[in-house]
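Accompanying notes for the structure given below.
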């Protein structure tokens, strides 16, 4: 079965590939992009490119004509190296990327981590990278809702990014009664105000999530019984109510509460990159406090442990330079070490960055 989600390393490699190709600009429409869907015959693509070479001979500008024909020929030669189209298809890019008056004809190919759905041929001043950058966008969305009688917050989780969509406060009066009010009357006022707030929160949820085809589920949290009153009452549309996948007891209903909600939802988000990162970083910090000999951090010490073969999992912050990440990845590959690229979009990811961006979980206690 084809994967539907990119690993952190796949994301990093794709970002690096896009960054490299984005820097090239053709003087005219002479940079060639070809996307080949999974299962499509390579021979048909090669035949089309050879036909395009004939068409390119009609280009008036001699330099543009030569650059396009040479780019197409280089691409054809490159495609002949493949016995068949890779499982997820193929993206190929070719062109003269040297300054005007010089020649530096290059060709790149990418076997994408997700299937290519569309066959594309294009000559332009830039390479067409939209299909690749789209693969970097996490499609699955989770709705996050925090609520108590005083306030509520609605947010979305896409990939590793939390976006606060709206914040709301209620009109529920405090527990102290105004003079002359009976306890029963005051209780009714508070209940009515609470229901009015729940209704508003239900409408805000509808505005935020209704009709979102990428919405995988909604997680609701809050202190006490309020969240259950909100869910059990007639305040949330049935379509969204069916999307509720977890209800969590949370102390706070502010931004800190969102982090608490995520921390308590690992069982639900176990397959999400965010949860994987948080879990592995929690292991690192737990070992750091309890058995420091089972972890390593800092560029020099981690490299030393890598070369000893002692590293089980290498933790690299995405804030590091591409050159540094490549250096450590290459060393890790020599010893069968797992590599985890950690984003800076989580609390733990920020902590890793503050540690210098390089850390490791060890296979055994490494004594120097």
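The values are calculated or read from the model by the stated rules, or taken from the named source; none is laboratory data. Quick caveat: nothing in here was measured; it's all calculated off a predicted structure. Note that each Cβ is placed from the backbone with ideal geometry, even for glycine, and that neighbours are counted across all protein chains shown.
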Would you confirm whether any residue within the range 86-101 is touching a strand residue (DSSP E or B) at 6+ places or on another chain (Cβ under 9 Å), over 28 Å from residue 13 (Cβ atoms) and either in the same structural domain as residue 19 (by TED's automatic domain parsing) or modelled with pLDDT of 95 or more (or both)?
no
Failed item, numbered, when residue 93 is tested on (1) touching a residue at least 60 places away in the same chain (Cβ under 8 Å); (2) surrounded by fewer than 16 Cβ atoms within 10 Å (Cβ to Cβ); (3) part of a strand (DSSP E or B):
(2)
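Yes/no per residue for (1) within 24 Å of the chain's Cα centre (by Cα); (2) surrounded by 13 or more Cβ atoms within 10 Å (Cβ to Cβ):
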residue	(1), (2)
230	no, yes
237	no, yes
243	yes, yes
247	no, yes
256	yes, no
262	yes, yes
Of 59, 36, the only residue that is within 35 Å of the chain's Cα centre (by Cα) and either crowded, with 18+ Cβ neighbours inside 10 Å or on the phi > 0 side of the Ramachandran plot (or both) is 36
Could you give every pair whose Cβ atoms fall below 6 Å, whose first residue belongs to the range 274-291 and is within 12 Å of residue 263 (Cα to Cα), and whose second residue is assigned to a helix (DSSP H, G or I) and at pLDDT below 90, counting only separations of at least 6 or pairs across chains?
278/348
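Residue by residue, here is whether (1) in contact (Cβ under 8 Å) with a residue 12 or more places away in the chain; (2) surrounded by 15 or more Cβ atoms within 10 Å (Cβ to Cβ); (3) not in a strand (DSSP E or B) holds:
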| site | (1), (2), (3) |
| --- | --- |
| 202 | yes, yes, yes |
| 211 | no, no, yes |
| 217 | yes, yes, no |
| 227 | yes, yes, yes |
Confirm whether residue 276 is surrounded by 15 or more Cβ atoms within 10 Å (Cβ to Cβ) and in contact with a strand residue (DSSP E or B) (Cβ under 7 Å, 6 or more places away or on another chain).
no
Could you tell me whether residue 295 is crowded, with 17+ Cβ neighbours inside 10 Å and in contact (Cβ under 8 Å) with a residue 60 or more places away in the chain?
yes
In the range 320-368, which residues are within 23 Å of the chain's Cα centre (by Cα), over 22 Å from residue 14 (Cβ atoms) and either touching a residue at least 40 places away in the same chain (Cβ under 8 Å) or surrounded by 19 or more Cβ atoms within 10 Å (Cβ to Cβ) (or both)?
347, 348, 351, 355, 356, 359, 360
